[in-house]
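Scroll down for the structure; my scribbles are underneath it.
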Amino acid sequence: MRGVTDVVRIPGRVFLHFISYMGQIAFLVRDLMTAFSNRVWRIGLIAEQIVSIGYGSQAVVIVTGAFTGAVFTFQTYAKFKDFGVESSVGAIVSVALCRELGPVLAGLMVGGRVGASMAADIGTMKVTEQVDALRVMGVHPVDYLVLPRFIAMMISMPILVAESITFGLMASYAVAVFGYGVPHAWFVHHMVDHTNQWDIVIGMTKGFAFGIIITLVACHQGLRAENGAVGVGIGTTRAVVISSLVMLIANFFLSILLNYIWPLGNNV
Amino acid sequence: MIDRTGQPFIRIRGLHKKLGWQEVLRGIDLDIWRGETLCIIGPSGEGKTVTMKHVIGLMQPDFGTVEVDGIQVNGLRERELAPVRQRVSMLFQNAALFDRLTVEQNVAFPLREAGVTDKKEIKERVAAALDVVGLGQHGQKLPVNLSGGMRKRAGIARAIVTRAQCILYDEPTSSLDPVVSDVIDTVILRLQERHGITSLVVTHDMKSLFKIADRIAMLKNGLIHFLGTKEELRACPDKIVQDFINGRADVDF
Ligand SMILES: Nc1ncnc2c1ncn2[C@@H]1O[C@H](COP(=O)(O)OP(=O)(O)OP(=O)(O)O)[C@@H](O)[C@H]1O
Ligand SMILES: [Mg+2]
């Protein structure tokens, strides 16, 4: 009998958790919108966050992009050579990097690095009553803690995605042209010919979207942290896991959205 | 100085609060008059801090009402609490300093948020507040590099710097040496005398209690067990009260 009721109960509980989670995120979004509409820009905090989110994540994103571009070229080249189209390896790598690999890998890396630190920072402030101290001084925690991070993320993320793509392409060029001897002119010609501005716009749009996802998920985990250091640890782990999964799922739907439903350019 | 006419500055009625399984507060009624210093005493873990958090809207009651200066605090949303929080400041039991900011920046924080923009004025007021608590030399330090007592004093400086109409102190003299404790007591008294500031003080320090309190409320089992002046407290025949203020315990170990 237990088994039968569990079939209903467990999915039911998961569903309720999901609804409650979405509700909490919706409240955070509402508070964030109110914070925006108050038009108090804490420039110092935003700058600090840009340094820590944007500037600090460059190395991670560049290395990720470069090695992905390199290994992708390396594997693709072998198969393309079978078809005799090895010179167009630049085209496929470029489109893949712009549309998918650049934003997704940059998103995952930034989510791991920055999402974890946001959740840990805010979570520590929450469990040590620093968030309450803010509230007592009439400062809404979302205004002070979330808004600057959000703005910094919106500014940093597209740049990080662009860097990841750029270094991926450079690595790809290096592998193809210097490694396999694909002529420079052909590589560049195919690449430029098959990449248009919409591929870049799609990449940037995804960068924005992933930035929003990381900030919301991580700040939410931080603000709801309780039970001391243990709770902060749990929140940090959850921030990374949830934001990574949500980004990958959102990426799929964004790809569909940007290709079919609200197409950017002549992709299909 | 104490203004007992009209409305009390803080008015608590029928305050109930359950946290987890525990009924921490089971019907607190308390009035604190403008310009009065009311001390809350009581055994550890009986809800003194919880009561204080209700006054400033950090916690919402299950039942009952809390009014500050005529504004009903319970039921207000976070952003609607701003007027209350302009009037009231709070010293946290653990000081709750911002650990990213230096001591000076911590103390300057509420001033900036209250809209003081003049750099010179901020600097002067911060220096004055730090001098009062004896931290004039330590303004550049980060909270992690302070001792427990110094952290507490920095918290006090942050709570008094804005000259709010009412200050809530959660154990201001715990972890301070006797001399500094006396300084803090004097500060609380002076703020009351010179600026008519209303104070709600949670304390376990009997010496401090008898120095600063106008009235004393003792919390026990989620209710006000005793409420009265110092003289009434000393004269109170109740055994629990006497054991508490004299620090006597029946221990069978
Ligand atoms: N956020 C919370 N969640 C669950 N229980 C809580 C919470 N905050 C306080 N409590 C419980 O409420 C009770 C009263 O706590 P409170 O901090 O008010 O004690 P206190 O009177 O200030 O004690 P002390 O003198 O030791 O500071 C305690 O038993 C505590 O465990
Ligand atoms: Mg306490």
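Can you tell me which residues in region A:170-188 are open to solvent by 50 Å² or more (accessible area, probe 1.4 Å), in contact (Cβ under 8 Å) with a residue 24 or more places away in the chain, closer than 18 Å to residue A:81 by Cβ and out of contact with any Lys or Arg (no Cβ under 9 Å at 6 or more places or on another chain)?
A:173, A:179, A:183, A:186
Of everything in region A:73-84 that's open to solvent by 60 Å² or more (accessible area, probe 1.4 Å) and of a type in the set (A, V, I, L, M, F, W, C), which residue is nearest to residue A:180 (Cα to Cα)? Break it down into steps so the answer makes sense when it comes.
Quick first cut of region A:73-84, residues open to solvent by 60 Å² or more (accessible area, probe 1.4 Å) only: A:74-75, A:79, A:81-83.
Now drop any that are not of a type in the set (A, V, I, L, M, F, W, C), which leaves A:74, A:83.
Values: A:74: 9, A:83: 16 Å.
My answer is A:74.
Just one of A:123, A:115, A:102 is over 30 Å from residue B:97 (Cα atoms) and open to solvent by less than 20 Å² (accessible area, probe 1.4 Å); which is it? Can you show your working first?
Details: A:123 fails: over 30 Å from residue B:97 (Cα atoms); A:115 fails: over 30 Å from residue B:97 (Cα atoms).
So the residue among A:123, A:115, A:102 that is over 30 Å from residue B:97 (Cα atoms) and open to solvent by less than 20 Å² (accessible area, probe 1.4 Å) is A:102.
Could you say which residue among B:66, B:126, B:84 is under 30 Å from residue B:19 (Cα atoms), aliphatic (A, V, I, L, M) and in a helix (DSSP H, G or I)? Step through it out loud before you land on a result.
Values: B:66 fails: in a helix (DSSP H, G or I); B:126 fails: under 30 Å from residue B:19 (Cα atoms).
Of the residues listed, the single one that is under 30 Å from residue B:19 (Cα atoms), aliphatic (A, V, I, L, M) and in a helix (DSSP H, G or I) is B:84.
Results for (1) over 16 Å from residue B:166 (Cα atoms); (2) more than 11 Å from ligand 1 (Cβ to nearest atom); (3) at pLDDT 90 or above, shown as yes or no for each residue.
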site	(1), (2), (3)
B:46	yes, no, no
B:56	no, yes, yes
B:65	yes, yes, yes
B:88	no, yes, yes
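Say whether the condition of being open to solvent by 10 Å² or more (accessible area, probe 1.4 Å) and at pLDDT below 85 is met by at least one residue in region B:161-172.
Yes; the residues of region B:161-172 include at least one that is open to solvent by 10 Å² or more (accessible area, probe 1.4 Å) and at pLDDT below 85.
Out of all the residues in region A:105-145, which are within 30 Å of residue A:182 (Cα to Cα) and touching a Phe, Trp or Tyr at 6+ places or on another chain (Cβ under 8 Å)?
First, the residues of region A:105-145 that are within 30 Å of residue A:182 (Cα to Cα): A:105-106.
Selection gives A:106 alone.
Can you find, within region B:202-217, the residue that is most open to solvent (accessible area, probe 1.4 Å) among those that are in contact with an Asp or Glu (Cβ under 9 Å, 6 or more places away or on another chain) and within 22 Å of residue B:27 (Cβ to Cβ)? First the steps, then the outcome.
First, the residues of region B:202-217 that are in contact with an Asp or Glu (Cβ under 9 Å, 6 or more places away or on another chain): B:202-205, B:207-208, B:211-212, B:214-216.
Now narrow it down to the ones that are within 22 Å of residue B:27 (Cβ to Cβ): B:202, B:215-216.
Values: B:202: 0, B:215: 37, B:216: 0 Å².
Filtering region B:202-217 for residues that are in contact with an Asp or Glu (Cβ under 9 Å, 6 or more places away or on another chain) and within 22 Å of residue B:27 (Cβ to Cβ), the one most open to solvent (accessible area, probe 1.4 Å) comes out as B:215.
Looking at B:131, B:118, which one is charged (D, E, K, R), within 11 Å of residue B:157 (Cα to Cα) and modelled with pLDDT under 90?
Values: B:118 fails: within 11 Å of residue B:157 (Cα to Cα).
Answer to the check: B:131.
Only one residue in B:101, B:176, B:97 is outside any helix (DSSP H, G or I) and either in contact with a Cys (Cβ under 6 Å, 6 or more places away or on another chain) or under 20 Å from residue B:37 (Cβ atoms) (or both), so which one is that? Please lay out each step first, then the result.
Working: B:101 fails: either in contact with a Cys (Cβ under 6 Å, 6 or more places away or on another chain) or under 20 Å from residue B:37 (Cβ atoms) (or both); B:97 fails: either in contact with a Cys (Cβ under 6 Å, 6 or more places away or on another chain) or under 20 Å from residue B:37 (Cβ atoms) (or both).
Every option except B:176 fails the conditions.
Based on what the data block shows, is residue A:135 assigned to a helix (DSSP H, G or I), over 21 Å from residue A:242 (Cα atoms) and at pLDDT 90 or above? Steps first, please.
On the way: assigned to a helix (DSSP H, G or I): yes; over 21 Å from residue A:242 (Cα atoms): yes; at pLDDT 90 or above: yes.
Taking the combined requirement at face value, the residue satisfies it.
Has region B:113-124 got at least one residue that is buried (at least 16 other Cβ atoms within 10 Å of the Cβ) and facing chain A (nearest Cβ under 10 Å)? Can you show your working first?
Let us first name the residues in region B:113-124 that are buried (at least 16 other Cβ atoms within 10 Å of the Cβ), namely B:113-114, B:122.
Cutting the leftovers down to facing chain A (nearest Cβ under 10 Å) gives us B:113-114.
Yes: one or more hits.
Please determine whether any residue of region B:44-63 is assigned to a strand (DSSP E or B), out of contact with any Ser or Thr (no Cβ under 8 Å at 6 or more places or on another chain) and surrounded by 14 or more Cβ atoms within 10 Å (Cβ to Cβ). It would help to see each step written out before you state the result.
Let us first name the residues in region B:44-63 that are assigned to a strand (DSSP E or B), namely B:63.
If we keep only those that are out of contact with any Ser or Thr (no Cβ under 8 Å at 6 or more places or on another chain) too, we end up with B:63.
If we keep only those that are surrounded by 14 or more Cβ atoms within 10 Å (Cβ to Cβ) as well, we get B:63.
Yes; the residues of region B:44-63 include at least one that is assigned to a strand (DSSP E or B), out of contact with any Ser or Thr (no Cβ under 8 Å at 6 or more places or on another chain) and surrounded by 14 or more Cβ atoms within 10 Å (Cβ to Cβ).
Being part of a helix (DSSP H, G or I), within 14 Å of chain B (Cβ to nearest Cβ) and out of contact with any Lys or Arg (no Cβ under 8 Å at 6 or more places or on another chain): is that true of residue A:142 here?
On the way: part of a helix (DSSP H, G or I): yes; within 14 Å of chain B (Cβ to nearest Cβ): yes; out of contact with any Lys or Arg (no Cβ under 8 Å at 6 or more places or on another chain): yes.
Spelling it out, residue A:142 is indeed part of a helix (DSSP H, G or I), within 14 Å of chain B (Cβ to nearest Cβ) and out of contact with any Lys or Arg (no Cβ under 8 Å at 6 or more places or on another chain).
Which of the residues belonging to region B:69-81 are over 17 Å from residue A:143 (Cβ atoms), in contact with a helix residue (DSSP H, G or I) (Cβ under 9 Å, 6 or more places away or on another chain) and outside any loop (DSSP other than H, G, I, E, B)?
B:71
The values are calculated or read from the model by the stated rules, or taken from the named source; none is laboratory data. The structure displayed is predicted, hence computed values, not measured ones. Quick reminder, even Gly has a Cβ in these numbers, built from the backbone with ideal geometry, and neighbours come from all protein chains shown. For the accessible areas, the whole protein counts, side chains as well, though only heavy atoms, and no ligand, DNA or RNA atoms are used. Shrake-Rupley method; radii C 1.70, N 1.55, O 1.52, S 1.80 Å.
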